Each structure stands twice: as C-alpha cells, then as structure tokens.
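The values are calculated or read from the model by the stated rules, or taken from the named source; none is laboratory data. Quantities reported herein were computed from a predicted structural model and do not represent experimental measurements. As a convention, Cβ positions derive from the backbone with ideal geometry for all residues, glycine included, and neighbour counts pool all protein chains shown. Quick note on the areas: whole protein, heavy atoms, side chains included, nothing else; ligands and nucleic acids left out. Shrake-Rupley method; radii C 1.70, N 1.55, O 1.52, S 1.80 Å.
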Amino acid sequence: MIIAELFPYANLLYDILTVLYVLSVIAVIGVVLGENRNPVKSIAWVLVLMLLPVVGLAIYLIFGRSLKGMRLISRSDLRELRNMNDFDDHAELKQSLSESSRQIVSLVNKLVGSHLFIGNDIDIFTTGQEKYESLLADIEQARDYIHLQYFIIENDEVGQRMIDLLMDKAQQGVQVRVLYDYVGSFYFKPRVLKRMRRAGIEVHPFLEVSLANVAFRINWRNHRKIVVIDGKIGYVGGMNIANRYVNGDKHWSPWRDTHLRISGEAVAALQYSFAIDWNFTTRKLLTSPTMHYDEPLVKTDYVVQMMSSGPTNRWNNISFVFFKAITLARSRVYVQTPYFLPSDALLKALQSAALAGVDVRIMIPRRPDSLMLRLATGSYIKECMQSGIKVYFYEPTVMHAKVVIVDDEFVTTGSTNFDFRSFEHNFEFNALIYSKEFNLKMRDIFEADIQQCTRLSMGTWKKRPVVQKAMESLVRLISPIL
C-alpha cells in the first residue's frame, strides 16, 4: 500500500516486468529447443528455466550458450600455420594397423585433419614427482624456446619452483611463452605475473573474465596441459602445476594421474595446438625460425595421432573417438576418470559392449575433489553394473587420470574427463597411441591400480543411504549442464 502511494505506477511496472521476463524465458526455451541439442540436455535447461525464476535465466545466459562455429583463429592465419605444418599422413602405415585402429585413424583425420606420426618415443608418468623432475630437467636444457600451457598453475611450492626456472631461462635468452586458464588459475597473483613479465616471459590468461564479459567467457575453459621444448620434446596429460600432484594436500595424499613425455614427430601437433591458442589469446602468429621440428632420434612402433577438441568445433571430437573405439571393442575397454558423467550414447556404447561379452572396467576415485560430481557419477553406477560393467573405487587418493584402453592396440590419454563438460564445454587435448607395446604398458599400469581399488557389488551399492540415492537422482537431472 505504501509502495503504491509512493510509486503510483509500481503495479503497472511490476506487471510489465513480469510479462517481459516470462516472454524472455519463453524465447530462451525456444532457442534451446530450436538448437536441436541432445534432448536430455535441452530438457535439463528447460527445467532450470522453469523451476528457477530469474536465477535460471541468468544461469542459462552464462552457462547455456553455444559456441559452435565460432572461429578461434582467422582463415589467413590458420592457412599460414597449416602451410608451416604440412603433416605427413603416412597413409601406407595405416595398413600395418588393425582394422579397428584404421577406422579410428580415418575418423580423426576427418575431424581434425589428416596426420599420423611415427618415430615417437613416449615415457609414461603416474606420479607428479616423476613428471615434474623430468619436466624441470628438460626445461633446464632448453636452448631456443619453451611453450607451456596449463589449466591450473598454482603459486605454491611446485608452481614457484617452475616459475623461478622459467624466469632463469628467459633471462638466459630463451623464448618463454606461457598460457594459463583464467578461471582455473584464478589465484595466480598479479605480483607473480609482474615478476614473470619483468624477467622476459610472455604470459597471458586464456579467456580472461571480467564483469563486462562474464556471460560470454566463464563457461568455456581451456583444460589443456601442453608443453613444447625446442620443438623436440613435448608433454601432454592430466597433471596441472600444483602441490597436490607431488606432495598432496590437507585432504589427500598426492593425486594419482597420468602424463606423457613425447619426443619425435608428434611434438609438431602439440606445437600446432599451442600456436592456435596463442594466436587466439594474443593475436600473434608464431612464425619464428624456432618453429621447426627435428627428425626423431628414436624409432619405435608408437604410431600417434593428436586430437584437440572444444566448444567451437562442429563435432564433439573426443567424444566421437571414445564412442567409435568402444563400439569397435572386441575384448576389453578400460576407463580411468575422476568424473564419470557419460552422454546417453557413450553409456549405451559401454553397456552394449559389456552385454556382448567385452571386459568393460571403469575406475573412479572413491572420494573425488567435487561433491556435486561425485553425486552425479554415483547416479550412473547401478546402470553400469546391471549390464556387466565392472566398477572400481580407487581408494588411496584422488584418481585424476584420464585414460581409455581398448583391446590390444589403442590407448588415448590427455586432459579429457569422461563427462559432459570435457566433451562439450572445455578446450581439451588428447594423445591417441596405436601400439601393442604401449597398450600392454598401460594395461599393466591399470592392473596395478586395480590392486588399490575396491570393486563394487550390486548388493553393497544398493545399501547406500536413502538420502544419498535421492541426492544422486536430483543431481542426475542437471548432470548434462554441470
């Protein structure tokens, strides 16, 4: 009454705003449905918009928009990069691979361009201590340039040791370029960045977020972990730059993860991916003479493809590869992931493989670093076990590895989690290795990890608290947009 007396048109204004809001929600729902997305995801967004007035609309504007078709790099710059990186597709080499591997190779060539790399040596790291000591030693030997890209760079003991070494190398005349994700490395302090820049390091955030652009940038993160040193040595995998991988933290012992050190032709693909992200972030094209790649010093049977994936791609690249590899499986599919939120297609692929007699195993942490994602993951476990999929809880610490092993020849590992966010919203990068020798090494590591796991049984899983079951079901409804 008082408000009406003070503002005689308050009721009218309220009615107008209400109508505008309802019309905007209806319009957004129309956009969601008109995009012909995954129906499960569309329904999830419609529920959010209808059940959470005002808040739901804000959430959609920030997290629900699509970047399909957006260009990270201009056509002319991309053409120049491609001319500099005329990868050999080694078509004759495909014939030495299994029929299943040849199909995956062809799929990757269609998705990201024709390339196949031979003459690669690969070291596998499953502890942060091993990986960081190796990386620091390689950085110490750098003579021309160091390109480093991580989702998270913490200003802790491990991060500071890395930063100090990079500053030393920059002052020695080595070109040092660093990309970090703005949200992932949110606590990267300005004074540290100033020190790095004063030392001669070119360091930039990927998709920096401000109040003016938060709705256009916060949801799409660069989750890649890539290092290239002098065009000869590359690193790719799941480990960020942080204490938790080496010393652990107050909640966990050192996280279990997988990372690769690669020398050989395949380093060129890491460099190519970094150059595109660098161009997008800085609008500078890396065309210096140091952008060459020496002949590999070793010859192994490790045939390698490299695959980038992101929200701007026409297809969900890595999701397509996972689906193809699983549906081609004849004997085994082993998956390690910190979060298991499969699309409906991938879940059905895993289930149908298990029902057909393929040995399908999924290894996830008993206590992941996110309660929400733990609940969402739990909602899929019963369906998996009903089809014969073996589910394992890794007990010692957080299982942060992202590995898929199929049959006797194919392995992929990198930054991609087995979840919606990695498949659709994050910029990711994976190595795909076709090698019986490498496959056997990764299977041995998986089997060793199983010794530290508890295999779930249906009877035990059914006994979990009713409240937990209810929370899992609730979170499941919005899992496609987590």
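Here is how the numbers come out for the structure above:
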{"quantity": "Model label zone, Leu440; criterion: amide N under 19 Å from point 7 Å along Cα-to-beta-carbon; scope the range 394-418", "calculated": "405-412"}
{"quantity": "Per-residue ³J(HN,Hα) for the range 227-237, Karplus 6.51 cos²θ - 1.76 cosθ + 1.60, θ = phi - 60°, Hz, x for Gly and Pro", "calculated": "9, 10, 10, 6, x, 10, 10, x, 10, 8, x"}
{"quantity": "List Cys453, Cys384, ordered by accessible area with a 1.4 Å probe, largest first", "calculated": "Cys453, Cys384"}
{"quantity": "Sequence-separation-based contact order of the range 388-482, relative, with Cα cut under 8 Å and 6+ spacing, percent", "calculated": "34"}
{"quantity": "Among Gly159, Tyr145, Tyr132 - extreme Cα towards positive end, dipole of the range 116-172, charges at beta-carbon", "calculated": "Tyr145"}
{"quantity": "Accessible-area value, Ile364, 1.4 Å probe, nucleic acids and ligands omitted, Å²", "calculated": "10"}
{"quantity": "Accessible surface ranking that places the most exposed of Thr127, Thr282 first, with a 1.4 angstrom probe", "calculated": "Thr127, Thr282"}
{"quantity": "Other-chain or far-sequence residues with amide H under 5 Å of Val303's (modelled H)", "calculated": "Tyr434"}
{"quantity": "Between the range 412-478 and the range 305-364, the alpha-carbon center distance in angstrom", "calculated": "10"}
{"quantity": "Straight-distance crosslink candidates among lysines, where the alpha carbon sits under 18 Å from Lys94 and sequence neighbours closer than 8 are dropped", "calculated": "Lys110, Lys299, Lys324, Lys436"}
{"quantity": "Integer Hz, Karplus 6.51/-1.76/1.60 couplings in order for the range 256-264, x for Gly and Pro", "calculated": "8, 9, 10, 9, 10, 10, 10, 10, x"}
{"quantity": "Note, ³J(HN,Hα) from phi for the range 385-397, Karplus 6.51, -1.76, 1.60, rounded to Hz, x at Gly and Pro", "calculated": "5, 4, 8, x, 6, 8, 10, 10, 9, 7, 8, x, 6"}
{"quantity": "Leu107 - accessible surface, heavy atoms, 1.4 Å probe, Å² rounded to 10", "calculated": "40"}
{"quantity": "Mean separation of Cα contacts under 8 Å, 6 or more apart, over the residue count of the range 241-383: relative contact order %", "calculated": "15"}
{"quantity": "Nitroxide proxy distance, nm - points 7 Å out along Cα→Cβ at Ser352 and Lys110", "calculated": "1.6"}
{"quantity": "Whole-Å semi-axes of the range 377-471's equivalent ellipsoid (Cα gyration tensor)", "calculated": "27, 18, 12"}
{"quantity": "Mean Cα-pair separation over length for the range 215-269, i.e. relative contact order, pairs under 8 Å, 6 or more apart, %", "calculated": "33"}
{"quantity": "With 10 Å bins from 0: P(r) over the range 136-274, alpha-carbon pairs, percent", "calculated": "12, 40, 37, 11, 0"}
{"quantity": "D_trans [Stokes-Einstein, Kirkwood Rh over alpha-carbon pairs] for the range 133-207, 25 °C, 0.890 mPa s, µm² s⁻¹", "calculated": "199"}
{"quantity": "Cα-centred dipole magnitude for the range 363-482, charges only on beta-carbon of K, R (+1) and D, E (-1), debye, nearest 20", "calculated": "720"}
{"quantity": "For the range 318-384, alpha-carbon Rg over 2.2 N^0.38 Å", "calculated": "1.10"}
{"quantity": "Accessible heavy-atom area order of Arg443, Arg198, Arg224, highest first, probe of 1.4 Å", "calculated": "Arg198, Arg443, Arg224"}
{"quantity": "Global geometry of the range 293-430, whether rounded, prolate or oblate, following the gyration tensor of its Cα atoms and the 1.5 cut on a/c", "calculated": "prolate"}
